[in-house]
Amino acid sequence: MDLRRLLRMAVLQAALGLLGVLVLWPPAAPAQEEVTSPIRRYKEREASTGYYEDYEVKPRRARPFVGAPEVQRRYSPVTPYRPRAAIEPQARSYLQDSHAGIQFYETRHCEECHVKEANQAHTIRGNLTCRQCHGGEPIAGINYYYSPMNPIRRHAYVCSKCHEGASVSFATYEVHERETGAASTRKTFPSLYYTNWFMYLLIVGTLAFFGLHTLIWVGKESYHAIREKMKPEPESKPEIEPEPEPEPEPQEKAPPEKPEPKEPEK
Amino acid sequence: MNGPVRIVRFNVLDRLFHVFIMVTFLIQAVTGMGRLLFSTNWGKTVVNLFGGYDGATTVHKTVGILMIIGFVIHIIYVLAKVEWKSWRKSLFDADSLVPRPADAVHFGQKVRWFFGLGPPPAFDRWTYWEKFDYWAVFWGLPLLGITGLMLMYPLAVSRIVPGWVLNILVLLHRAEALLAMLYIFIIHFTIGHLRRGMFPMNECMFAGSVELEKEREEKPLWIARLREEGKLEEAVVPGPPPWYRVVYFVFGYTALTIGLYLLVTIIVYRNYIKWH
């Protein structure tokens, strides 16, 4: 009895232990395999010859599909290239190094993550680079007290590099354009949000109203013209003729028309 | 003259204002669109015609100031035209562009005519869509002019209003400009060129005169009023000389081509247009 109970407990403990080992054991084999990405593995030639290009040895550089990071992110919110940010973005704005702890930070470009921020007027039109305003490494968070980007000194340290005499008020201009019609803008920048929708409705309303008006008008006139041309053959005259008559009538009550204007021609 | 009898509709100054706004508006549209689409190759090419981004900006600002001056001159001209002794009559009679209750009636009649429920309205001198064209420019020009002028001097403006107001001004300026372009290139061009009886071009804004017989159909009240007041004889003018017609046909069709090209550009590059 005792021995059987002991055996049963031993088997149970061994099974649990094995399960624990299976769960906790590091996945040794995949980690040691030479891959550029979790999706695309090395081709046979590289694997057999041991000859790799420079870029292939660097981790996670080759991409499974060619495309902009923006597009990839649209289809899948979790891509291998997204930084696994241990710190939330909001909290990052208070750090001295706002990019602290982001994997492979040195090999990345600003616009890989900050897609929308990179695509804005100062970079496209003014031909500026991110660092000309945001500075060199480490890039401090905007709310970090000693950051040159901190709103208390942004106008003096950043804006006035080009805009001589920039004031605090001037620096409240939002350089990175936001989505004017987005729900988040309604909370953070309501005047811009409502202006956007006012102008949007004005444009759509005006074009819809007068577009429809013009379309029906041109169509109706063409329709009458075509019927006019086809009139002589069929006997539909009485149907059409009464229509134009009522308008000229009131004018014809006035003195005869043509003789008057002809006088000055002599 | 053996041609049709023509009566005067626009004087020289009216036509000059129209030509002025055509030229300046198209320059503003081209330089503005080039800069708006500067992220695309199209925008870069267009902007390079004006000597690069800064050059296009300078042209845009200069022509903008010219437009504001032109608008001020126009207001002085309009105010001088009003007979202030009988201002109520002068402002609200049929020769004035100020909207009247009759315009709403005409619009109702037009809609009824659209659906075959009645005869087309008999217009006086100005139809309601002509009045809308005029007032659309009258509201658009100050809006674009004031926002543009404020954006020209952001440092000075941000001393008076908070800097984020400039964000709203950018949005207003671009949206109003887009509305103006779309309205002119779609609706104004259709009414001026594509309507039956107008087809190659409605010449009255360039020739200054209209054919009496054609106007008798669309604007019978105007002709009747002229006759009652005994002004019809004074209004008769000779038609435009052939060389002048050639000039304004070339000019008009150049403007039409530029406008339609810009319209196609707006449609093709719609995803690259940033409101703000």
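The values are calculated or read from the model by the stated rules, or taken from the named source; none is laboratory data. Values in this document were obtained by computation on a predicted structure and should not be read as measured data. All Cβ positions, glycine included, derive from the backbone under ideal geometry; neighbour counts span all protein chains shown. Protein only, heavy atoms only, side chains kept; ligands, DNA and RNA dropped before computing areas. Shrake-Rupley method; radii C 1.70, N 1.55, O 1.52, S 1.80 Å.
Taking the condition in contact (Cβ under 8 Å) with a residue 12 or more places away in the chain, surrounded by 15 or more Cβ atoms within 10 Å (Cβ to Cβ) and under 30 Å from B:Met152 (Cβ atoms), does B:Phe71 pass? Even if it seems obvious, please write down each step before you answer.
Numbers: in contact (Cβ under 8 Å) with a residue 12 or more places away in the chain: yes; surrounded by 15 or more Cβ atoms within 10 Å (Cβ to Cβ): yes; under 30 Å from B:Met152 (Cβ atoms): yes.
So B:Phe71 passes the test.
Yes or no, residue by residue, for (1) at positive phi; (2) surrounded by fewer than 17 Cβ atoms within 10 Å (Cβ to Cβ); (3) within 11 Å of chain A (Cβ to nearest Cβ):
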{"position": "B:Asp124", "(1), (2), (3)": "no, no, no"}
{"position": "B:Tyr128", "(1), (2), (3)": "no, no, yes"}
{"position": "B:Ala136", "(1), (2), (3)": "no, no, yes"}
{"position": "B:Ile146", "(1), (2), (3)": "no, yes, no"}
{"position": "B:Leu155", "(1), (2), (3)": "no, yes, yes"}
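On inspection, B:Ile223 qualifies as at the interface with chain A (Cβ under 8 Å from one of its Cβ atoms), in contact with a strand residue (DSSP E or B) (Cβ under 9 Å, 6 or more places away or on another chain), open to solvent by less than 40 Å² (accessible area, probe 1.4 Å) and part of a helix (DSSP H, G or I).
If we keep just the residues of region B:45-55 that are in contact (Cβ under 8 Å) with a residue 12 or more places away in the chain and open to solvent by 40 Å² or more (accessible area, probe 1.4 Å), which is farthest from B:Leu141 (Cα to Cα)?
Narrowing region B:45-55 to residues in contact (Cβ under 8 Å) with a residue 12 or more places away in the chain: B:46-47, B:49-50, B:53.
If we keep only those that are open to solvent by 40 Å² or more (accessible area, probe 1.4 Å) too, we end up with B:49-50, B:53.
Details: B:Leu49: 25, B:Phe50: 23, B:Tyr53: 24 Å.
The residue in question is B:Leu49.
May I ask you to list the residues in region B:228-263 that are under 20 Å from the mean Cα position of the chain (by Cα) and either in contact (Cβ under 8 Å) with a residue 12 or more places away in the chain or under 27 Å from A:His122 (Cα atoms) (or both)? Once the filter is applied, which keeps residues that are under 20 Å from the mean Cα position of the chain (by Cα) and either in contact (Cβ under 8 Å) with a residue 12 or more places away in the chain or under 27 Å from A:His122 (Cα atoms) (or both), region B:228-263 yields B:Tyr248, B:Phe249, B:Phe251, B:Gly252, B:Tyr253, B:Ala255, B:Leu256, B:Ile258, B:Gly259, B:Leu260, B:Leu262, B:Leu263.
Looking only at residues of region A:196-220 that are within 9 Å of chain B (Cβ to nearest Cβ) and in contact (Cβ under 8 Å) with a residue 12 or more places away in the chain, we find that the one that is nearest to the chain's Cα centre (by Cα) is A:Asn196. Scanning region A:115-128 for residues that are open to solvent by 80 Å² or more (accessible area, probe 1.4 Å) and part of a loop (DSSP other than H, G, I, E, B) yields a single hit, A:Asn127.
Among the residues examined, B:Phe10 does not qualify as in contact with a Phe, Trp or Tyr (Cβ under 8 Å, 6 or more places away or on another chain), in contact (Cβ under 8 Å) with a residue 12 or more places away in the chain and not in a helix (DSSP H, G or I). Does at least one position in region B:25-44 carry a residue that is open to solvent by 30 Å² or more (accessible area, probe 1.4 Å) and under 21 Å from B:Arg125 (Cβ atoms)? Within region B:25-44, none of the residues are open to solvent by 30 Å² or more (accessible area, probe 1.4 Å) and under 21 Å from B:Arg125 (Cβ atoms).
Given (1) away from chain A (no Cβ under 13 Å); (2) open to solvent by less than 30 Å² (accessible area, probe 1.4 Å), where does B:Trp243 come up short, assuming only one miss? Just one mismatch for B:Trp243, condition (2). Taking region A:129-165 as the range and being crowded, with 17+ Cβ neighbours inside 10 Å, without any contact (Cβ under 8 Å) to a residue 24 or more places away in the chain and within 14 Å of another protein chain (Cβ to nearest Cβ) as the test, the residues that pass are A:Arg154, A:His155, A:Cys159. Of all residues in region A:197-224, those satisfying the criterion of being aromatic (Phe, Trp, Tyr) and open to solvent by 50 Å² or more (accessible area, probe 1.4 Å) are A:Trp197, A:Phe198, A:Tyr200, A:Phe209, A:Tyr223. Of the residues that sit in region B:193-215 and are open to solvent by 50 Å² or more (accessible area, probe 1.4 Å) and among the hydrophobic types (A, V, I, L, M, F, W, C), which one is nearest to the other protein chains (Cβ to nearest Cβ)? Per the criteria, the residue is B:Leu194.
Kindly indicate whether B:Asp103 is without any contact (Cβ under 8 Å) to a residue 12 or more places away in the chain, out of contact with any Ser or Thr (no Cβ under 7 Å at 6 or more places or on another chain) and open to solvent by less than 70 Å² (accessible area, probe 1.4 Å). Before you say what the answer is, go through the steps one by one.
Working: without any contact (Cβ under 8 Å) to a residue 12 or more places away in the chain: no; out of contact with any Ser or Thr (no Cβ under 7 Å at 6 or more places or on another chain): yes; open to solvent by less than 70 Å² (accessible area, probe 1.4 Å): yes.
In short, no.
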